[in-house]
Amino acid sequence: MDRNVLCRALEREAGDPEFCRTLIGPKTNLFSNVPVFLSEANVGEMLRIVHAVEAATRLPFYREAALSWAPEIARRDFGPLGVFMGYDFHLAADGPKLIEVNTNAGGAFLNALLAKAQRACCAEVEVALGKPKAGDFDSAVMRMFKHEWELQNRQGIPRRIAIVDDRPAEQYLYPEFLLAQRFFQRNGIDAMVVDGNELRYERGQLLAEGAPIDLVYNRLVDFSLDDPEHRDLRAAYLEDAVVVTPNPRVHALYADKRNLALLSDHSTLRSWGASAQMLADLRGVPHTVPVTSGNAQELWQKRKSLFFKPAGGYGSKAVYRGDKVTKGVWAEILRGGYVAQEFAAPSERMIQLDGSSEPRKTDVRLYVYDGQVLLTAARLYQGQTTNFRTPGGGFAPVFVI
């Protein structure tokens, strides 16, 4: 990785010559120095899994099941499909495994610049592999947001977009919010980074600092907009006064971890009308079941081959690898809201660190919109879940060979 090239690109995109020094420099493990190499066959298989998942979500009985445990707000369908869907994979020995789907998948703007800044080690390698493909990212992202706008029966383009999170300046990926803001501004759309509790809904209009907001790029982890501090955003959303993407319905259909139990239950999917090809591709979803009092004893016995996740979880919070689960943690899991997923070990990437070779686990993320891949990126890490605390780890661009 040529970090000088990356810094210049970030500063140019942000319009701030101090951007790298003040916002990226302190995050020493945000970017890895190395790329990740994937075979065309693996990438093709991941894409087939994505298409199978999206086809499954269109089955009427699947939707009925997924919405049965979702909050009431998720039953309202305003049209948008959800920007920056994140499909996260582990590359197991028998092929890619979809470990989860995220509707607030962060890192896309950062990874697009990272891909552009990656430098091949020599001319022969660059000729053979090319550079990571990120050139069409900007135009694809603009089309995506415009399409979301149109799907909610709006005309033209939004005049003003709010990039919304709780205490955004304190978030680890705050630099990305600033890059997104500049991206919209370059494309003729006013944009603001806004704390969710500062939004106000008055006289049929959602406002931020007194300015009307047409579209919310939603980075909140309050997926159903239930928190009291988000009541104004919730009211505006329910009254169709603002386009919100991704919205509560998209999260309910895709990112609730209980849906992984539906996607890995082939007999039920078959009875709901799933095709043979869809079922074949969904073999890439590890078997998942909700944790209940009825199966608790069996799951405890099998825990070393399982991974436990909260149904509404995000960012690897409160997830547990089964062989690390203590009796105290198990009691927490049994209180409800968890799923048990068959453990799919991540692949490893060897890196050079301080003159020695060390392994790093690898997750691959496909940023997807409406079945089309916007960007492929990876995260290198140590430990049981992805993080940005690993020396030599962080976001890594992907070369397809």
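General remarks:
- Charge sum, other residues only, whose C-beta stays under 15 Å from Leu59's C-beta, Lys/Arg counted +1 and Asp/Glu -1: -1
- Sequence-distant residues sharing a close amide H with Ala92 (under 5 Å, placed H): Lys97
- Dipole of the chain, positive direction: furthest Cα of Pro359, Ala208, Pro310, with charges on the beta-carbon: Pro359
- Sparsely packed trypsin sites (Lys or Arg not before Pro) within segment 44-83, loop by DSSP, other Cβ within 10 Å at most 10: Arg58
- Between the residues Leu59, Ala74, Met46, the greatest Cα displacement towards the positive end of the dipole of segment 33-80, with unit charges on the Cβ of Lys, Arg, Asp and Glu, is found for Ala74.
- With all protein chains in place and ligands, DNA and RNA left out, the 1.4 Å accessible area ranks Val319, Val289 as Val289, Val319, largest first.
- Amide H partners (placed H, <5 Å) of Tyr201, local residues excluded: Leu207
- Charged neighbours of Ala396, selected by a Cβ distance under 12 Å, balance to +4 (K, R count +1; D, E count -1).
- Contact order normalised by residue count of the chain, Cα under 8 Å, 6+ apart, percent: 25
- Rounded Å value of the spacing that divides the Cα centres of segment 21-39 and segment 290-308: 36
- Karplus 3J(HN,Hα) series, Hz, for segment 226-237 with 6.51 cos²θ - 1.76 cosθ + 1.60 (x for Gly, Pro): 8, 5, x, 5, 10, 5, 5, 5, 4, 5, 5, 4
- Over 23 Å apart at the Cα level, from the set Lys257/Lys302; Lys304/Lys361; Lys97/Lys257; Lys97/Lys324; Lys327/Lys361, are Lys327/Lys361.
- Efficiency of FRET between Arg203 and Asp226 - r from beta-carbon atoms, R0 41 angstrom, step 0.05: 0.95
- Computed lengthening from Trp69 to Ser356, 0.36 nm per intervening residue step minus Cα-Cα distance: 98.4 nm
- Dipole magnitude for segment 268-401: about 340 debye, using +1 per Lys or Arg Cβ and -1 per Asp or Glu Cβ, origin at the Cα centre.
- Largest-first ordering by accessible area, 1.4 Å probe, given options Leu98, Leu374: Leu374, Leu98
- Cα centroid separation - segment 354-401 against segment 229-248, whole Å: 33
- Cα extents of segment 30-92 along the three principal axes, largest first (Å): 45, 28, 21
- Between Lys302 and Glu348, the FRET efficiency from the beta-carbon distance, with R0 = 25 Å, is close to 0.50.
- Between the amide H of Phe31 and those of Phe395, distances stay under 5 Å, these residues lying 5 or more places away or on another chain, with hydrogens modeled in the peptide plane.
- The length gained by stretching the chain between Ser267 and Asp370 to full extension, at 0.36 nm per residue less their Cα-Cα distance, is 34.4 nm.
- The chain - convex hull of alpha carbons, volume per residue in Å³: 152
- Positive-pole candidate from Asn247, Gln301, His287, dipole of segment 227-313, charges at beta carbon: Gln301
The values are calculated or read from the model by the stated rules, or taken from the named source; none is laboratory data. Here the structure is a predicted model, which is why all the values come from computation and not from measurement. Glycine also receives a Cβ, built like all others from the backbone with ideal geometry; neighbour counts cover every protein chain displayed. For accessibility, only protein heavy atoms count, side chains too; no ligands or nucleic acids. Shrake-Rupley method; radii C 1.70, N 1.55, O 1.52, S 1.80 Å.
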